[in-house]
Structure formats: structure tokens, C-alpha cells
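Asker: Dropping the structure in here first, questions after.
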Amino acid sequence: MRKILLTITAGISLCVVPVKAQFNTVAAVSNRYKVEILQTVTDNTELTPESGTSVRETSTDVLTSDDTDKKMWMDRYMSVSYPLRHIRITSPYGYRKDPFTGKKRFHGGLDLHARADEVLAMMEGVVVKVGQDKASGKYVTLRHGRYTVSYCHLSKILAVRGAVVHPRDVVGITGSTGRSTGEHLHITCRFDGENINPSVIFDYIRDTRQECVAALAGL
Ligand SMILES: [Zn+2]
């Protein structure tokens with residue numbers, strides 16, 4: 001059984017786009033790998049590329065399928081980032097006792113412990129808003145596909161409206177501006193404009209990384 005290496009162009013999806021999260025950036029990352037997917041096939045495998053799919057032979061000493069897979073999983077791992085280098089949730093999303101009034105009030109985001117820390121973009125996106133108001137203090141809002149993420153109470157804004165951000169780009173420095181009892185990073189998240197629990201994104205980041213680590217370990 002002779003093994004040949006094929007490069008299949010276009011029309012092939014690697015199924016790395018998660019079902020539950022529809023981030024544009026993730027799709028963009030996987031799209032890159034639609035271009036070149038190396039597969040090992042045997043002589044008796046009938047090649048029936050779908051319409052629009054071209055198949056060409058390539059030398060095995062240029063790139064092995066393992067190399068391509070490794071790069072793909074590493075790129076995918078790097079396509080997401082937690083917003084701070086150390087994550088400790090100090091106040092989750094949901095009803096809580098308001099730190100100012102002591103009354104029950106809905107907390108529409110989640111709070112992370114922070115001390116003059118760099119705030120990182122969690123994935124590729126665009127800066128859609130920067131500003132300052134009494135409630136949020138200095139804030140930066142990023143769009144990731146149908147999701148928007150706002151980082152609030154910053155001491156410093158390090159992003160410009162309209163700029164493209166990549167995962168791990170620093171968009172601000174944490175602080176305690178606005179309606180804040182002490183330094184922390186407050187994150188709010190919207191999906192199609194509707195406020196949602198930001199832990200959805202954290203779960204997505206965790207799942208993506210776990211998936212990549214498992215895939216890399218199996219190569
Ligand atoms: Zn908060």
C-alpha cells in the first residue's frame with residue numbers, strides 16, 4: 001500500500017468552529033486551514049473531490065500532515081486569550097448585594113481581581129467604542145463577530161476606535177474609575193446586543209484550549 005500525500009484545496013472544513021459560539025474570528029482562523037489540508041490516502045482510495053475541490057500531489061519532504069496539524073492546533077490555541085494574565089473572579093454575573101447600597105441588584109457582568117494589569121483582547125476583533133462615563137469609568141468595547149465585550153473601570157485606555165485587535169493585544173490598564181469600590185476589571189458581554197454572562201466566552205476559551213492541548217498530545 002503506497003502512501004501518497006495530497007493537498008486538497010478549498011471546500012473542506014475542519015470542524016473546528018464550535019457550535020455554541022459564533023465568533024467571526026474563529027471562523028477566520030479555520031478558513032485559513034480550508035486552503036491546505038494534508039491527508040494520507042492509500043492507492044485504493046477513490047478520489048472523488050467535491051465540485052470546486054482541486055487535488056494535487058505534493059512532496060512528502062516539504063511538509064508532513066503532522067506538521068500542518070501541529071501548526072493548526074497551535075494557531076487555534078493562540079486564537080484565544082483570557083483578558084488578564086491571572087484570572088480570579090471576585091463577583092460573578094447575576095443578582096448580588098450592591099456594594100454601594102447593600103440592596104439586591106443585578107450585576108450585568110463579572111468582576112475580576114486586578115492590580116494595574118494589562119487588559120488583553122480575548123480574540124481577534126475590532127475596537128467599536130472607547131470612552132468614559134460615571135458608571136463604567138474609562139472603558140473599551142471590542143466586537144468579536146456577534147459578540148461585544150466591554151472592559152470597564154480602566155485607569156488607562158490603550159485602544160483606538162476602529163482599530164483591529166488580535167488576541168492578547170493590550171487594550172487598557174485596569175483601574176477603579178467610575179462606579180467602583182476598588183480596583184477590579186468589570187467585563188460585560190453582549191450577543192446581538194443582548195446582555196449575557198461573560199463566562200460564556202471564558203468557557204469557550206477554556207474549551208478551545210483544552211481541545212488544542214488534547215489534539216497536540218495525540219499527534
Ligand atoms: Zn462589576
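The values are calculated or read from the model by the stated rules, or taken from the named source; none is laboratory data. Since this is a predicted model, take the numbers as computed values, not measurements. Here Cβ is always computed from backbone atoms with ideal geometry, including for glycine, and neighbour counts include all displayed protein chains. What goes into the accessible areas is simple: the full protein's heavy atoms, side chains included, and nothing from ligands, DNA or RNA. Shrake-Rupley method; radii C 1.70, N 1.55, O 1.52, S 1.80 Å.
Asker: Restricting to region 192-210, count the residues that are touching a helix residue (DSSP H, G or I) at 6+ places or on another chain (Cβ under 8 Å) and of a type outside the set (Lys, Arg).
Answerer: Residues that pass the stated criteria total 1.
Asker: Given the conditions (1) surrounded by 14 or more Cβ atoms within 10 Å (Cβ to Cβ); (2) assigned by TED's automatic domain parsing to the domain that holds Lys134; (3) touching a Pro at 6+ places or on another chain (Cβ under 8 Å), report the number of the one that Arg190 does not fulfil.
Answerer: Evaluating Arg190 over (1) surrounded by 14 or more Cβ atoms within 10 Å (Cβ to Cβ); (2) assigned by TED's automatic domain parsing to the domain that holds Lys134; (3) touching a Pro at 6+ places or on another chain (Cβ under 8 Å) leaves (3) as the failure.
Asker: Another one. If you scan region 180-217, which residues turn out to be within 16 Å of the ligand (Cβ to nearest atom) and of a type in the set (Phe, Trp, Tyr)?
Answerer: If the condition is that a residue be within 16 Å of the ligand (Cβ to nearest atom) and of a type in the set (Phe, Trp, Tyr), then Phe202 is the only one that fits.
Asker: On the basis of being open to solvent by 20 Å² or more (accessible area, probe 1.4 Å), part of a loop (DSSP other than H, G, I, E, B) and either among the small types (Gly, Ala, Ser) or farther than 16 Å from Gly108 by Cβ (or both), does Arg206 make the cut?
Answerer: It is false that Arg206 is open to solvent by 20 Å² or more (accessible area, probe 1.4 Å), part of a loop (DSSP other than H, G, I, E, B) and either among the small types (Gly, Ala, Ser) or farther than 16 Å from Gly108 by Cβ (or both).
Asker: For residues that are touching a residue at least 60 places away in the same chain (Cβ under 8 Å) and more than 12 Å from the ligand (Cβ to nearest atom), tally how many sit in region 150-173.
Answerer: Count: 2.
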